[in-house]
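Heads up: the structure comes next, in structure tokens.
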Amino acid sequence: MTALIITAFSVAVVGGYAITLYNGLVRVRNGVKLAWSNIDVLLVQRHDELPKLIAVCKGYMQHERETLESVVRARSNVEGARSTGNVTSVSIAESALRAGLSSLYAVAERYPDLKANDLFKNLQIRISALETAIADRREVYNDAVNAQNLRLEAFPDLLIARLFRFAAAPMLKFSAGETADIDLKPAFGG
């Protein structure tokens, strides 16, 4: 009888511990999902602002069709990647969009009337603020992914993670251009 009680108690303790581990893994997985959804909200907001920026620029930059089309294509690629939920695809598409926006802003420098346009300035400020917020959320997302992936590799969590097929989440990668220092010489006539 004592052996049965000890066995039942041991099973209850091990089962309780397994449930605690499982719930912890669910929490970190949901933390990753939440962090991603916060990025997604900002991507949608920026996605909605880009057509306005393109429309304003079209009136001034009639000879810059290729630059405008590259931003439109990149925007479409981000939307397609975003709709799949594939973080790696979004990261690649985002890098292309940022490059396109950088080119657009550089070309806009040659159009003083465009640079003086209040709508253009406001859109540029709004999109830049969204870019900063996205970068901040990327950091939060990568922290959440790191916490989850560490738990998936650590013993004894990895036993429960493998049993219930928890998958590691990908980090959001940055292209070399996004992490490089910005050359401010052109802005100061250097």
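Bear in mind that the values in this text are calculations on the coordinates, not laboratory data. Please read all numbers here as calculations on a predicted model, not as lab measurements. Backbone-built Cβ (ideal geometry, glycine too); neighbour counts: all protein chains shown.
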Original post:
What FRET efficiency would be calculated for the residue pair N30, S102, taking the C-beta separation as r and a Förster radius of 25 Å, to the nearest 0.05?
Top reply: 0.10
Original post:
Straight-line reach from K121: which aspartates and glutamates have Cα under 18 Å away, leaving out those fewer than 8 places along the same chain?
Top reply: D48, E49, E109, D113, E131
Subject >> Longest site-free stretch - the chain; sites: trypsin sites (Lys or Arg not before Pro), DSSP loop, at most 12 other Cβ within 10 Å >> reply: 1-109
Subject >> J(HN,Hα) series, the range 92-102, from Karplus relation 6.51 cos²θ - 1.76 cosθ + 1.60, nearest Hz, glycine and proline x >> reply: 5, 5, 5, 4, 5, 5, 4, 5, x, 5, 4
Original post:
Taking the highest mean first, how do the peptides 90-96, 13-19 order by number of other beta carbon atoms within 10 angstrom per residue?
Top reply: 90-96, 13-19
Original post:
For the range 103-112, in order, what is each residue's ³J(HN,Hα) by Karplus, 6.51 cos²θ - 1.76 cosθ + 1.60 with θ = phi - 60°, in whole Hz (x at glycine and Pro)?
Top reply: 4, 4, 5, 5, 5, 4, 4, 7, 10, x
**OP:** Apply 1/(1 + (r/R0)^6) to the Cβ-Cβ distance of L4 and A168, taking R0 = 41 Å, and write down the FRET efficiency to the nearest 0.05.
**Re:** 0.50
**OP:** Please list the non-local residues whose amide H lies under 5 Å from the amide H of A169, H modeled 1.01 Å from N, same-chain partners needing a gap of 5 or more.
**Re:** N149
Subject >> Lys, Arg +1 and Asp, Glu -1 on Cβ, resulting dipole of the chain about Cα centre, debye, nearest 20 >> reply: 420
**OP:** Show which lysines lie in cross-link reach of K173 when reach means a straight Cα distance below 20 angstrom and same-chain residues fewer than eight apart are skipped.
**Re:** K33
